[in-house]
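One structure below.
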Amino acid sequence: MSRRTTLLLAMTCAVAVGNIYFPQAIVPLVAAALHTSPDAASLSVTATQVGYTAGLFLLVPLGDRLPHRSFLMALFSLTGAGLLAAGCAPTLPLLVAASAVIGLTTVAAQVVGPLAAGLVADDRRGAVIGTLLSGSIGGMLTARAFSGALGEWLGWRAPYLVAAALVLILASVLARTVPATTPHSRQPYPALLAESLRLLRTEPDLRRSCFSQAAVFAGFSAVWTCLALLLTGPAYGLGAQAVGLLALVGGATMLCTPLAGRLVDRRGPDPVNLVCMLGVLVSAAVLTAGALGGAPGLAALVAGTLLLDIAMQSGMVAHQARLYALRPDARSRLNTTYMTCAYLGGSAGSWLGVQVYGRVGWWGVCALVALLTVLALAHHRAALSGRRPPATKGQSPAAAGTRPIRPR
């Protein structure tokens, strides 16, 4: 796969992921224009996120059943239609319905990953996955700023309409540039969905990655959910915009995930995962100082969240490199199971974080992150006992020890 194609697929990830996050910045504008409360207007954001979770489970497995090029074109066409409907919605219920369609279909980033993994050599897979994840991070960060500024200038409908145009243009570009691929499976759709669940039972490496990422992502979500409560509380007394500015610090992660991918190619996923989990533990200790308030506390929050972002995202690169080498014939289904578990962990972490913060305070949230990471480390260590044999000559570290593909 050429560098040009890699960058195009990274842009595809950025646009797809950005569609999930840009509505968050225009909720007040939607509320004012449609004469409703901000709480009611936020249902459009909730519908997008619920739709995305459903799309992960219901649509991503089709990446093993359908040619990737036509599948991506269909997804982007449906997403574009949903964005146009949202941008023209005259009432909140219609906006919420269109938002659910957008979330359901904007899962292209999770289809692109398995596609790219099948187009590159084993010893480049980690670097390519890191580049794609870098695109996703960039889309998440820039989408909020883009929609907020454009919405203030032209109204809340403008971000939806511009995003629709961008998605449809990208769909036409993908139709001409994405290489043709042959589906790995001919299973009917119900069997594909069932296979995603069965893989969790039959593949130990998948269970390990799901558990580790769910635990780490739960801690990550707990921190970012409670950070707004801390910054707007008595310790700092800042506005909600401070959280957005702090989130921009995570932009440095875009530079780190490709480096993490190259390390995975050279060293294999297990050492990188170990370092990343230790990095999360260190970030929890640094973040504890955020309870001090003032300049020292704010510096600790900046350093701690940056380290947490880098460790969590780099660990995701290592996990996906391992899974894509595990079963080349079922990469989309493996990714479905992995990402669904990660998002379920993140949802649980957000809820737990709020409960802990209300009872104990910020240091309790940091302790929760440390506890979840220790559990992930213990599971990681237990899984590595009785380790598989090392890679044979010519086999990449990322694929080392994986079992041969079983005939379907």
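Among the residues of region 263-282, is any in a loop (DSSP other than H, G, I, E, B) and either at pLDDT below 80 or on the phi < 0 side of the Ramachandran plot (or both)? Among the residues of region 263-282, not one is in a loop (DSSP other than H, G, I, E, B) and either at pLDDT below 80 or on the phi < 0 side of the Ramachandran plot (or both), which makes the answer no.
Being touching a His at 6+ places or on another chain (Cβ under 7 Å) and either assigned by TED's automatic domain parsing to the domain that holds Gly151 or under 17 Å from Ser147 (Cα atoms) (or both) is a description that applies to Asp64.
For region 76-84, the criterion of being out of contact with any strand residue (DSSP E or B) (no Cβ under 9 Å at 6 or more places or on another chain) and either surrounded by fewer than 18 Cβ atoms within 10 Å (Cβ to Cβ) or not in a helix (DSSP H, G or I) (or both) is satisfied by at least one residue. The listed residues are Ala299, Ala321, and the only one of them that is assigned to a helix (DSSP H, G or I) and either surrounded by fewer than 24 Cβ atoms within 10 Å (Cβ to Cβ) or not assigned by TED's automatic domain parsing to the domain that holds Val374 (or both) turns out to be Ala299. Do we find that Thr106 is modelled with pLDDT of 95 or more, surrounded by 24 or more Cβ atoms within 10 Å (Cβ to Cβ), within 22 Å of the chain's Cα centre (by Cα) and not basic (Lys, Arg) in this structure? Here the answer is no, as Thr106 does not meet what is asked.
The values are calculated or read from the model by the stated rules, or taken from the named source; none is laboratory data. Bear in mind that the values here come from a model prediction, so they are computed numbers and not experimental data. As a convention, Cβ positions derive from the backbone with ideal geometry for all residues, glycine included, and neighbour counts pool all protein chains shown.
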